[in-house]
1. Sort A:120-128, A:278-286 for me by packing, meaning the mean count of neighbouring Cβ atoms within 10 Å per residue, highest on top.
2. Would you please give the FRET efficiency between A:Ser395 and A:Asp329, computed as 1/(1 + (r/R0)^6) with r the Cβ-Cβ distance and R0 = 25 Å, to the nearest 0.05?
3. Which whole number gives the average count of other chain Cβ atoms within 10 Å of the Cβ atoms across peptide A:208-215?
4. So for the protein assembly as shown, taking the charge dipole from beta-carbon charges (+1 Lys/Arg, -1 Asp/Glu), which of A:Val31, A:Leu116, B:Leu201 sits furthest toward the positive end?
5. Which order, highest average first, do B:124-131, B:43-50, B:22-29, A:152-159 follow once you tally other Cβ atoms within 10 Å for each residue and take the mean per peptide?
6. Averaged over peptide B:118-127, how many Cβ atoms belonging to another chain are found within 10 Å of each residue's Cβ?
7. I'd like the residues of segment B:78-103 whose 1.4 Å-probe accessible area shrinks by no less than 40 Å² going from the isolated chain to the full set of protein chains.
8. Give me the inter-chain shielding for A:122-130: mean count of other chain Cβ atoms within 10 Å, whole number please.
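The values are calculated or read from the model by the stated rules, or taken from the named source; none is laboratory data. Because the structure is predicted, anything quoted here is derived from the model rather than measured. Cβ atoms come from the backbone with ideal geometry, glycine included; neighbour counts cover every protein chain shown. Accessible surface is based on the protein model in full, side chains and every heavy atom, while ligands, DNA and RNA are left aside. Shrake-Rupley method; radii C 1.70, N 1.55, O 1.52, S 1.80 Å.
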Amino acid sequence: MADQPRIDEAGENPLAELELILESDPLIDEVGFIHPTQLASLNEEGTDGPGPKNLRFWSRDRKLGISTEVILPLYREAKRAFFDAVRDYKMRCSSCSGGEDEGTGSDVMKHGKALLLVSSDFGTAWNSRKLVASKEESFSTYMDELRLSELILSYSPKSDQAWSHRRWVIKRIAGQTSSLLEIVMKESELVEKIAERSKMNYRAWNHRCWLVSYMTREQVLDELKKSKTWTGLHVADSSSFNYRRRLLTGILEDLCCKEGVASLDCSFEVRHCWKDELDWDEILIKRYVGREALWLYRRFLSLCWIRHFTTHAHSTSCNSNYIAEQTTDPSFFLDKELDLVSSCLAVQDDHFDDFQAQALYSSSYILWLAKQMPSPLEIELRQKLTARNMNDLLSEFCPNSSFLCGSSAEDAEGTQAAQGQL
Amino acid sequence: MGELAGDKHVKYILCVEKKKDSFESVVMEHLRLNGAYWGLTTLDLLGKLDTVDSNEVVSWILQCQHESGGFGGNIGHDPHLLYTLSAVQVLALFDKLDVLDLNKVTDYIRSLQNEDGSFSGDVWGEVDTRFSYCAICCLAILKRLDLINVEKAVRYIVSCKTLDGGFGCTPGAESHAGQIFCCVGALAITGSLHHVDKDLLGWWLCERQVKSGGLNGRPEKLADVCYSWWVLSSLIMIDRVHWIDKEKLIKFILDCQDTENGGISDRPDDAVDVFHTYFGVAGLSLLEYPGVKAIDPAYALPVDVVNRIFFGRC
């Protein structure tokens, strides 16, 4: 490890320079790495820049550019300064045994921030920030941490550590702030913003799912409504459908916990919600041909529908209007699904992969559903498939169907037994 | 079809270890112990572990250990279960588990189990099924599974099961092939595979194979060599590996090799790295490719190493 601060050719210490920029503009919200030639032309453009000779950094309008050439010396210097600061801080903490004189962790924070800007998953730097923040216990420090994590995510949107840091902060402040709901909604918006630039980002969407447990029922319903447009425009982002799955499951669980008259009204509302979702997914399936995410989402919607809204068809005392009737009859539901699948199996043009994909996904959708449904319904579905002459088509488009559907002798026996009862 | 350029990959791994000044290797410094596990396991699978000085590696690993018993990703870095598992696995490769102060390591792991059976990755409390796997795999290798509440640990993993039969990082999270490996692996090690709906999960896993023959980790994603390991090992543990086209997958992995300078990348013609080199070779091992030692799908260690731990010398 280097003992002396590294001085580059221009005689400047890149770490000190970066920290000066960060201090003078604490609201920088985006960082990127730029090739030196590009950096030079950026610096020529503006007359009020940090100086014509600066070939390492560029900063304006809350954006920060770092030359790719400076990353390596910057990393080394930041790491050295950071580890020194942590050692000093821990020494001071242990010698003052919790008194007020233990000193601030400002150096740890300052150098840790610079280090994370060039190495976003440097876990020890995130941990030391947690240590300092938890000793300070101030709301504004926690807010600063959320801001830093957002800055890191602007160039490293998949950083596991940056997302985890946000959850740690939110858990710390959850009990002591009245603005938690507001923070949670802002977090949700942040995920959407980042998901726009970073597709199918598991860590980002997982963070959004985690937020659901902090939401009220009204917020959950509101989120379902608000995120619909985004999801409809990003139909290949399977993770955003999982978010809807999480929201809908939350609503369903909430319903199952409640009892009495109120829950019947609720159940009517939830059913409505579910029906809307099924209809919307069908519209998307027809509009965006051959999207796997839409069909997998439909597996979830349909299976839950069958499990929760068709089994108690005659036991609910909801206003028995037309909607309630058509939505609780499983046979009616299966017919509608078979109509949809049939229309997708009529491949319009062999040369387009999208239509082939649509045929494959729709076949495996109906076969998957058949296997997951309660036995009597499975038998009904298989009879319908035979009556519609669909079996050959299904095995043509879904070549794996033979082992996926009839993989164990046990299942076949079960089906026979069930048929015997009928 | 091309062949596995085993010797080139060995050279590549040995050479990466020496290149400490590139930006790529510098930003990986904080997880060097993971890197050591990927590189050294690959060498062992290719029968070349003896090209490395084991004493040097072991003494470096011990310097990564903290007073708490956990291991950091490198000297001076904070401890975490992710690195603790790599440390134990590498020591197992070299048959050097006896250098460990057993109580110290196992106390660290035990201290991270939460009331609901889940595991935090470190003292800062992030919970993830990946950490459940790390803890369970470590303790099993050290034969101290009895120190934790296995029943609760299993119950937590099962609570992360999704409607499609897969598993996510926490309850309600999306299925992900990497998390599925962790959960199925942990259930396999604890003898709890009866909690898995094998046909349903097998269906989801074999839908990960795309036209090129490669596997992706989630719907709508591109194929990536690393899923050759995560998907395949899971399929083997639940006895459904015959549901995918093995020949096409072998071809996909071989197409991702840099046949000139060694190493394997995520997809054909991309830049190679140690991570994908390990997962490519480990995938080929699961596919019984000639010249590669067999790997255990649950412990992610060569089968002879696992046999030595459980059935070897007293």
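1. On the way: A:120-128: 24.0, A:278-286: 16.2.
So the peptides A:120-128, A:278-286, ranked by packing, come out A:120-128, A:278-286.
2. Working: r = 29 Å, r/R0 = 1.15.
Between A:Ser395 and A:Asp329 the formula returns 0.30.
3. On the way: counts 0, 7, 4, 0, 1, 3, 0, 0.
Neighbouring Cβ atoms belonging to other protein chains average 2 per residue here.
4. Ranked along the dipole, the leading option is B:Leu201.
5. Details: B:124-131: 21.5, B:43-50: 18.4, B:22-29: 15.2, A:152-159: 19.9.
Listed from highest to lowest mean packing, they are B:124-131, A:152-159, B:43-50, B:22-29.
6. Details: counts 0, 0, 0, 3, 2, 3, 10, 5, 8, 2.
Mean shielding by partner chains, rounded to a whole number: 3.
7. In segment B:78-103, residues shielded by partner chains: B:Asp78.
8. Details: counts 7, 13, 9, 3, 2, 7, 1, 0, 3.
For this peptide, the per-residue mean of nearby foreign Cβ atoms is 5.
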